[in-house]
Amino acid sequence: MFDAIRIVLVGTSHPGNIGGAARAMKNMGLSDLWLVAPRAQFPHPEATLRSSGADDLLAQAQVVDQLADALSDCTLVAGTSARSRHLPWPLINPRQLAQRAATELTQPQARLALVFGREDRGLSNEELHLCHCHVHIPTNPAFSSLNLAAAVQVLAYELRMALSGLTDSETEDFWGTAWDSPRADHQTLERFFNHLEATLTEIDFHDPDNPRQLMSRLRRLYLRARPDTMEVNILRGILTATQKASTQDSRKPTCSNN
Ligand code: SAH
């Protein structure tokens, strides 16, 4: 189960924090570390020093340019945030996340990503809108921001507490049986969102020049529903049929009254 948990650090400025995060992960039995566009060179001696022996995790860490590259095969994506944002999104605490992970990781091909933001400004709204849910570590509201590696430590600890020593009956999903089709992963969902946006634009429901919050709200709706791969196929089939119907419709001669 621990192998299916990925820690993703986005735009980290201080290599020491990358090392501290690796140490926290290894202490709790996690090993899959991804770095999205770290701002200092990587590998870095300060990262190795602060990892205090978790340098094997640093050596295996994947470095990518875009957050989406780190998420493509993940079925549940949780973004962390030190403060509340404009558009409300499903928000849970680390213990609730760990419980959700215990259920999720019993499913075939499940993979959980925990996304952590930049030291100075966290994750952007766009990055947070890639996530199924947001995790906030309850803190003093007047001083809510933890050090990045400390935030990784808190979440990794809760995951360890929730996942180790679970009995089989505790990991049974609340459907009473295993789900019949694997959850759609990030990449599959992003393709669906692109298809949805294109279709809504074609039928003049969505104006890319005046988007308001339409796509963010639709993302939130579908991410909340956790569609599986079969359900996404059905939705995409509906979109394709809609596109076809709208093309045929626009070719029809306009009706006259005579
Ligand atoms: N000034 C930034 C704080 C970033 S702290 C902001 O306003 O968002 C760096 C990262 O540590 C955050 O992006 C988040 O991933 C994690 N973090 C820090 N404090 C947290 C908290 N209370 N709950 C959840 N994550 C937190």
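The values are calculated or read from the model by the stated rules, or taken from the named source; none is laboratory data. Keep in mind it's a predicted model, so treat the numbers as computed, not measured. So basically every Cβ, Gly included, is an ideal-geometry build from the backbone, and we count neighbours across all protein chains shown. Ligands, DNA and RNA are excluded from the accessible area calculation, which covers all protein heavy atoms including side chains. Shrake-Rupley method; radii C 1.70, N 1.55, O 1.52, S 1.80 Å.
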Most positive-pole-ward Cα, ALA178, ASN233, TRP89, against dipole of the chain from beta carbon charges
TRP89
Looking at the chain, which longest stretch skips every one of the trypsin sites (Lys or Arg not before Pro) that is in a DSSP loop with at most 14 other Cβ atoms within 10 Å, leaving the sites themselves out?
122-211
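Relative to the Cα centre, what is the charge dipole magnitude of the chain, using +1 at the beta carbon of each Lys and Arg, -1 at the beta carbon of each Asp and Glu, and rounding to the nearest 20 debye?
Numbers: 25 positive and 29 negative charges, 120 e Å.
In total the dipole reaches around 580 debye.
For the chain, what is the accessible area per residue in Å² when the probe is 1.4 Å?
Values: 13840 Å² over 258 residues.
With the other protein chains kept in place, the chain gives 54 Å² per residue.
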Considering the Cα trace of the chain, what is its radius of gyration and what is Dmax, both in angstroms?
20.9, 85
Could you compute the net charge surrounding LEU221? Neighbours are other residues with a C-beta less than 14 Å from the C-beta of LEU221; K and R count +1, D and E count -1.
+3
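Would you compute, from DSSP H runs of 4+ residues alone, the mean residue ellipticity of the chain at 222 nm, taking -39500 (n - 2.57) per run and dividing by the full residue count, rounded to the nearest 500? Before the final figure, lay out the partial values.
Working: 11 runs with 118 residues, N = 258.
Computed ellipticity for the chain at 222 nm equals -13500 deg cm²/dmol.
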Each residue of the stretch 70-86 in order: what ³J(HN,Hα) in whole Hz does its phi give by Karplus 6.51 cos²θ - 1.76 cosθ + 1.60, θ = phi - 60°, with x for Gly and Pro?
7, 10, 3, 9, 8, 9, 9, 10, 10, x, 9, 8, 7, 8, 7, 10, 4
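Equivalent-ellipsoid semi-axes (√(5λ), Cα gyration tensor) for the stretch 109-158, whole Å, largest first? It would help to have the intermediate numbers written out before the result.
On the way: eigenvalues 74, 46, 21 Å².
Equivalent ellipsoid of the stretch 109-158: 19, 15, 10 Å, largest first.
Calculate what fraction, in whole %, of the accessible area of the chain sits on carbon and sulfur atoms when a 1.4 Å probe is rolled over the protein chains.
Values: 7050 of 13840 Å².
Result for the chain: 51 percent of the exposed heavy-atom area is carbon or sulfur.
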To check my understanding: the extent here is largest minus smallest coordinate of the Cα atoms along each principal axis. What are those three numbers for the stretch 37-167, in Å, largest first?
38, 38, 29
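Excluding PRO38 itself, what net charge comes from residues whose Cβ is under 11 Å from its Cβ, given Lys and Arg +1 and Asp and Glu -1?
Details: positive: ARG39, ARG118; negative: ASP65.
Overall, the nearby charge balance is +1.
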Long-range amide H partners of VAL63, meaning residues 5 or more apart or on another chain whose placed amide H is closer than 5 Å, are LEU35
Top of ILE92, ILE137, ILE234 by mean-square fluctuation, Gaussian network on the chain, Cα under 10 Å
ILE234
